[in-house]
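Contents: one structure, followed by commentary.
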Amino acid sequence: MKNYDVLILGAGASGLMLAGNLNKKIKNALIDTNEKPAKKLKISGGGKCNITNVSVDINNFDGDEALLASAFQKFSKENLLDFLDRNRVELELRKGRYYFCKHSSDDIINVLKKNAKNSEIILNNTVLHVTKEDDELFYVKTDKGLYKAKKVVVATGGKSFQTLGASDIGLQIAKSFDLSVKEFTPALVGLTVQKEQFWMKELSGLSCYVHVKVAGKTLKEEMLFAHKGISGPAILSTSLYWKKGEISIDFLPNENIIDLTQNSKKLVSSVIPLPKRLAKALLKAVGVNDKECTKLNKQDKELLKALHNYTFAPAGNFGFTKAEVSRGGVLAEELDVNTLESKKIKDLYFIGEVVDITGELGGYNFQWAFSSAYTCAKAIK
Ligand SMILES: Cc1cc2nc3c(=O)[nH]c(=O)nc-3n(C[C@H](O)[C@H](O)[C@H](O)COP(=O)(O)OP(=O)(O)OC[C@H]3O[C@@H](n4cnc5c(N)ncnc54)[C@H](O)[C@@H]3O)c2cc1C
């Protein structure tokens, strides 16, 4: 049985970043179920992963503020950009906000692997469970063998996209040590709609810029109408905060429908600056017949205001197979904010998506994965 100072479970974004920042004298290994490290990072952002955002704020996350603030203070967006720049990874800014790889997410994977060259990478090993024995050592059992270590870092991510090796083993390990967890649920995922909103499914393929209000947040991005319901960046971020109940969409956030229809001889659907098919469907949804603007009566005008505040309760979401992340994880209160070590179990750490911290769409989840990894790496002596 091989003996390590540190075993890192999961060779994804956070596991690799941690390995690269450990003191070189620490004998460590990464264990992953896949035949290659960082499979999720590779396919994310259409193969060019959205690595971070121009503005990284704790308000862009669902999770414990102290934990987030501590990790970002130790490894900020600027630190991440600087790290990538020093390693000659070229990035491009999209929509003035999102940092993507200019060429391919392989550029980042290669840098992470190069940085982690002191670490052994054990692939094709599925972690089954972890125990801690009287000798104070951890025993990590995989489907291929048993490994022993003084410290274990759980970096096994969330359980969405199981085809890429994702699992909830991190939560199983936490629970086996009596740590409190919030079960994973799909997030950054499309939403299904109830019968009253089935009209949205008929617009499949169309998209528009909207403001969505959900649980006290306003998300400003594109939404996409899909066969199964609604999707696109605005809705994916909405799914992070929506548990049940109503959301409200402003379909014309940069306009005023009353001003648009004022004294116009055109049809209402023609003055709405949206694709005609969408404009017509929206009019039907708010109960206004498409007619010449001058013929709108007082009641029509009242109904039209709903275009700025179309309120409805989604039915559910598209599930783990489509979700970019899993909401939930090991509760923040179980972890030391400065080290991410379990308060109950000495030498057991949790980083990345397995922690109950989830970001909106826009590079926030990689930023958290890297910031939490760095925080933990620097705490391991
Ligand atoms: C399609 C898609 C697109 C995304 N796009 C973006 C994006 O553009 N920007 C962004 O910020 N975030 C994005 N994300 C989210 C981001 O990929 C994750 O939040 C991030 O990878 C989490 O890092 P992690 O290290 O915690 O987990 P991961 O990177 O998922 O790494 C966990 C590792 O643990 C391994 N593992 C799991 N179970 C076991 C087991 N039992 N035994 C051994 N190994 C195991 C996995 O194989 C994996 O390699 C996307 C996710 C998906 C699915």
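A few comments on the model shown:
- The residues of region 165-188 that are part of a helix (DSSP H, G or I) and among the β-branched types (V, I, T), listed by number, are I169, I173.
- Residue tally, condition within 11 Å of the ligand (Cβ to nearest atom) and outside any strand (DSSP E or B), over region 1-12: 3
- Evaluated against (1) more than 12 Å from the ligand (Cβ to nearest atom); (2) touching a helix residue (DSSP H, G or I) at 6+ places or on another chain (Cβ under 7 Å); (3) over 29 Å from D5 (Cα atoms); (4) not polar (S, T, N, Q), A116 falls short on exactly one condition, (3).
- Residues considered: D290, D347. Of these, the only one that is without any contact (Cβ under 8 Å) to a residue 24 or more places away in the chain and in contact with a Lys or Arg (Cβ under 8 Å, 6 or more places away or on another chain) is D290.
- Looking across N289, N309, one residue alone is over 30 Å from G46 (Cα atoms), touching a strand residue (DSSP E or B) at 6+ places or on another chain (Cβ under 8 Å), surrounded by fewer than 15 Cβ atoms within 10 Å (Cβ to Cβ) and modelled with pLDDT of 95 or more. It is N309.
- For V56: the one exception among (1) away from the ligand (no atom under 13 Å from the Cβ); (2) not in a helix (DSSP H, G or I): (1)
- E92, sole failed condition from (1) within 14 Å of the ligand (Cβ to nearest atom); (2) closer than 28 Å to V130 by Cα; (3) charged (D, E, K, R): (2)
- Any hit, region 337-352, residues being of a type in the set (K, R) and within 14 Å of the ligand (Cβ to nearest atom): no
- Among residues of region 61-74 that are among the hydroxyl-bearing types (S, T, Y), those with a Cβ under 9 angstrom from a residue that is open to solvent by 10 Å² or more (accessible area, probe 1.4 Å), sequence gap 6+ or separate chain, pair up as S70/V337; S70/N338.
This table checks each residue for (1) in a helix (DSSP H, G or I); (2) out of contact with any Lys or Arg (no Cβ under 9 Å at 6 or more places or on another chain); (3) over 20 Å from V214 (Cα atoms).
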{"site": "I235", "(1), (2), (3)": "yes, yes, no"}
{"site": "S239", "(1), (2), (3)": "yes, no, no"}
{"site": "K244", "(1), (2), (3)": "no, yes, no"}
{"site": "P253", "(1), (2), (3)": "no, no, no"}
{"site": "L260", "(1), (2), (3)": "yes, yes, yes"}
{"site": "S264", "(1), (2), (3)": "no, yes, yes"}
{"site": "Q299", "(1), (2), (3)": "yes, yes, yes"}
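- Within region 114-127, the set of residues being within 25 Å of the chain's Cα centre (by Cα) and crowded, with 20+ Cβ neighbours inside 10 Å comprises A116, V127.
- Any chance A71 is assigned to a helix (DSSP H, G or I) and either at pLDDT 95 or above or within 15 Å of the ligand (Cβ to nearest atom) (or both): yes
- Count of region 13-40 residues, restricted to those that are touching a strand residue (DSSP E or B) at 6+ places or on another chain (Cβ under 9 Å), within 6 Å of the ligand (Cβ to nearest atom) and within 14 Å of F366 (Cβ to Cβ), is 2.
- Residue satisfying all of: in region 262-274; surrounded by 14 or more Cβ atoms within 10 Å (Cβ to Cβ) and at pLDDT 95 or above; farthest from the chain's Cα centre (by Cα) among these: L267
- Members of region 68-98 that are closer than 30 Å to L331 by Cβ and surrounded by 14 or more Cβ atoms within 10 Å (Cβ to Cβ): L68, S70, A71, F72, K74, F75, S76, K77, N79, L80, F83, Y98
- Pick from region 41-52, criterion near the ligand (Cβ under 9 Å from one of its atoms) and part of a helix (DSSP H, G or I), ranking: least open to solvent (accessible area, probe 1.4 Å): L41
- If the condition is being among the β-branched types (V, I, T) and farther than 20 Å from S326 by Cα, then region 51-82 contributes only V54.
- Residues that are over 14 Å from G20 (Cα atoms) and among the hydrophobic types (A, V, I, L, M, F, W, C), drawn from region 352-381: V354, V355, I357, L361, F366, W368
- Taken over region 320-352, the residue count meeting the criterion of being part of a helix (DSSP H, G or I) and open to solvent by less than 30 Å² (accessible area, probe 1.4 Å) is 3.
- Taking the criterion of being assigned to a strand (DSSP E or B) and over 19 Å from G158 (Cα atoms), the residues of region 13-40 that qualify are N28, A29.
- Candidates in region 202-235 are the residues that are out of contact with any Asp or Glu (no Cβ under 7 Å at 6 or more places or on another chain) and among the polar types (S, T, N, Q); of these, the one that is nearest to S248 (Cα to Cα) is T218.
- Among residues of region 148-161 that are hydrophobic (A, V, I, L, M, F, W, C) and near the ligand (Cβ under 8 Å from one of its atoms), those with a beta-carbon under 6 Å from a residue that is in a loop (DSSP other than H, G, I, E, B) and at pLDDT 95 or above at least six positions away or on a different chain give the pairs A155/G10; A155/I351.
The values are calculated or read from the model by the stated rules, or taken from the named source; none is laboratory data. Remember, predicted model here, so these are calculated numbers, not experimental data. Backbone-built Cβ (ideal geometry, glycine too); neighbour counts: all protein chains shown. For the accessible areas, the whole protein counts, side chains as well, though only heavy atoms, and no ligand, DNA or RNA atoms are used. Shrake-Rupley method; radii C 1.70, N 1.55, O 1.52, S 1.80 Å.
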